[in-house]
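So the structure is just underneath, and the comments pick up after that.
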Amino acid sequence: MLHSKVKRDILVKMIEKSTTKEGEDHSKKPKHILVVEDDRALHKAIIFKLKRLGHFPISAYSAEEATEILKKSSEEIDFIWLDILLPGMDGLEFLRLMRKNPALKDKKVTVISVSGGLMMKDRAMELGADDYIVKSDHNLSDIVNMVVEKS
Amino acid sequence: MSIAGKKILIIEDDEHIARVYAIKLGKEGVTLFTARDGEDGLGKIQSEIPDIVLLDLMLPIKDGFWVLEEKAKLSASIKKIPVIVLSNLGQAEDINHARSLGAVDYIIKAGTSIQAVVDLVKEHLKKAE
């Protein structure tokens with residue numbers, strides 16, 4: 001009996017080794033990222049940068065569009081890049097509704113905002129943002145890298 | 001310098017921008033070819049053998065960096081075709097990356113007039129002669 005347990009443990013370890021390479025950097029695994037950003041030029045640049053890093057960005061230009069995408073394919077999406085100032089429903093309201101939805105409450109969200117005000121950041125974090133990045137504090141490549149690493 | 005008769009390929013997915021360049025360069029008497037994505041662009045580089053290429057970076061299907069990478073793998077006659085990058089990406093890392101892949105110049109679209117682009121095209125065509 002003990003012998004078979006030892007054999008099973010060895011087998012489990014072998015499987016773990018074969019599926020997880022030592023030193024593997026999980027932050028570099030391709031991710032499906034829902035980008036919710038209404039500024040078309042910035043949106044295009046974000047998508048471009050994410051694709052160059054090997055990720056799979058999905059575009060939404062409004063919270064309403066993002067909601068529709070999440071309804072259809074929330075399981076495929078690893079995390080959400082969320083702007084606050086959006087036409088129609090704003091990013092914070094979108095975040096609040098997301099966190100009320102059991103299917104989406106644990107989905108990672110990084111809020112990317114033009115506002116560096118503490119009140120806005122506190123509000124976003126209170127509503128369940130996993131992170132908050134101020135656009136003007138960094139260049140786009142740095143923001144993209146930060147978002148992917150934090151995910 | 002007259003560039004009449006020269007062949008210019010514009011790889012740009014923004015129809016409006018492509019049309020503006022086409023009108024302006026068309027007045028110089030050049031023969032224009034256009035492509036809307038990187039894959040089509042690389043194909044036209046090989047089929048049309050232009051004298052110069054204007055290349056956007058943020059393109060659908062295959063992007064501008066890919067075009068530069070793949071062009072560098074082709075024959076010497078293709079490799080030597082000058083490519084001017086026209087992009088809205090203005091970060092040093094993008095500019096350096098494009099130059100390291102063989103772009104002869106890098107223009108940030110938002111900050112450059114169409115005439116300045118035409119002048120640059122003339123300058124590089126002259127250099128290539």
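The values are calculated or read from the model by the stated rules, or taken from the named source; none is laboratory data. What you see is a predicted model; the values in this text were computed from it and never measured. So basically every Cβ, Gly included, is an ideal-geometry build from the backbone, and we count neighbours across all protein chains shown. Ligands, DNA and RNA are excluded from the accessible area calculation, which covers all protein heavy atoms including side chains. Shrake-Rupley method; radii C 1.70, N 1.55, O 1.52, S 1.80 Å.
General remarks:
- Remark: relative contact order (chain B) = 24 percent; criterion is Cα-Cα distance under 8 angstrom and separation of 6 or more residues.
- Taken about its Cα centre, the stretch B:78-129 carries a charge dipole of roughly 200 debye when the Cβ of each Lys and Arg holds +1 and the Cβ of each Asp and Glu holds -1.
- Accessible area buried at the A-B interface, both sides summed, 1.4 Å probe (Å², nearest 100): 800
- From the C-alpha gyration tensor of the protein assembly as shown, square roots of 5λ in Å: 44, 27, 15
- Comparing each chain alone with all protein chains together (probe 1.4 Å, DNA, RNA and ligands left out), the residues of the stretch A:33-47 losing at least 40 Å² of accessible area are A:Lys44.
- Size of chain B from its Cα atoms: along the principal axes, largest to smallest, the extents are 33, 32, 25 Å.
- Averaged over the residues of peptide A:139-145, the number of Cβ atoms from other protein chains lying within 10 Å of each residue's Cβ is 2.
- For the stretch A:32-150, the Cα-based Rg and Dmax, in that order, read 12.9, 35 Å.
- Threshold 10 Å² - residues in the stretch B:45-70 whose accessible area is reduced by that much or more when the chain is no longer isolated, probe 1.4 Å: B:Met58, B:Asp63, B:Phe65, B:Glu69
- Protein heavy-atom surface of the stretch A:36-87, 1.4 angstrom probe: 54% of the accessible area is carbon and sulfur, with nucleic acids and ligands not counted.
- Straight-line reach from A:Lys72: taking Cα to Cα under 18 Å and skipping same-chain neighbours fewer than 8 places apart, the aspartates and glutamates in range are A:Glu64, A:Asp106.
- Under 5 Å, built H, 5+ apart or other chain: amide partners of A:Ile58: A:Ile33, A:Leu34, A:Val35
- Accessible area per residue in Å² at 1.4 Å probe, computed on the protein assembly as shown: 53
- Sum of side-chain charges, B:Lys109 neighbourhood, beta-carbon under 10 Å (Lys, Arg +1; Asp, Glu -1): -3
- Residue-count net charge about A:Asp38 - beta-carbon cut-off 10 Å; Lys, Arg +1, Asp, Glu -1: -3
- Remark: for residue pairs A:Lys51/B:Lys79; A:Lys49/B:Lys6; A:Lys51/A:Lys105; B:Lys71/B:Lys126; A:Lys49/B:Lys73, the C-alpha separation exceeds 29 Å in A:Lys49/B:Lys6.
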